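Take a look at the structure below.
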Amino acid sequence: MAKSDSDLTQVPWANPVLLALEEPGQYVTIATTQAASWAMIEDWPEEDGPALDKALLICADVIKGKASNEQARQAFIAAAVEAGIDIKK
């Protein structure tokens, strides 16, 4: 059975992103494009910004098969940097 395009957002990223979304020093792991989308929609400290807008569009493009999960991951990291969110490396 072939995967549908929507399943692509649930494919685990090769390198999950650990970031302090709720409180400094309390890191959460974001490991899929779907989780990244929800984090940016529900938990993001900023309402808008160029990198955030781009990341949300790229996540939507993953669903459409027009972007890769790695592109979504990179855009998610850029949005986190833009919002001043601490990323654990």
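Read-outs throughout are calculated quantities, based only on the coordinates presented, and are distinct from any laboratory measurement. Fair warning: this is a prediction, and the values are worked out from it, not measured in the lab. Don't worry about glycine lacking a Cβ; one is built from the backbone with ideal geometry, like all the others, and counts go over all protein chains shown.
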For E22 and D7, extending 7 Å from Cα along the Cα-Cβ vector and measuring point to point gives, in nm, a value of 3.2
Put a dot 7 Å past each Cα toward the Cβ at E47 and K88; how far apart are the dots in nm? 3.2
Reachable aspartates and glutamates from K54, Cα under 18 Å, same-chain residues fewer than 8 places away excluded? E42, D43, E46, E70, E82
Calculated from DSSP helices alone, with each H run of at least 4 adding -39500 (n - 2.57) and the total divided by the residues of the chain, [θ]222 nm to the nearest 500 comes to -12500 deg cm²/dmol
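From the square roots a ≥ b ≥ c of the eigenvalues of the alpha-carbon gyration tensor of the chain, which class results: rounded (a/c under 1.5), prolate (a/b over b/c), or oblate? Intermediate results must be reported in sequence, preceding the final value.
Working: a/c = 2.22, a/b = 1.56, b/c = 1.43.
Cα axes put the chain in the prolate bin.
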Remind me, relative contact order of the chain in percent, using alpha carbon pairs under 8 angstrom and six or more residues apart? 36
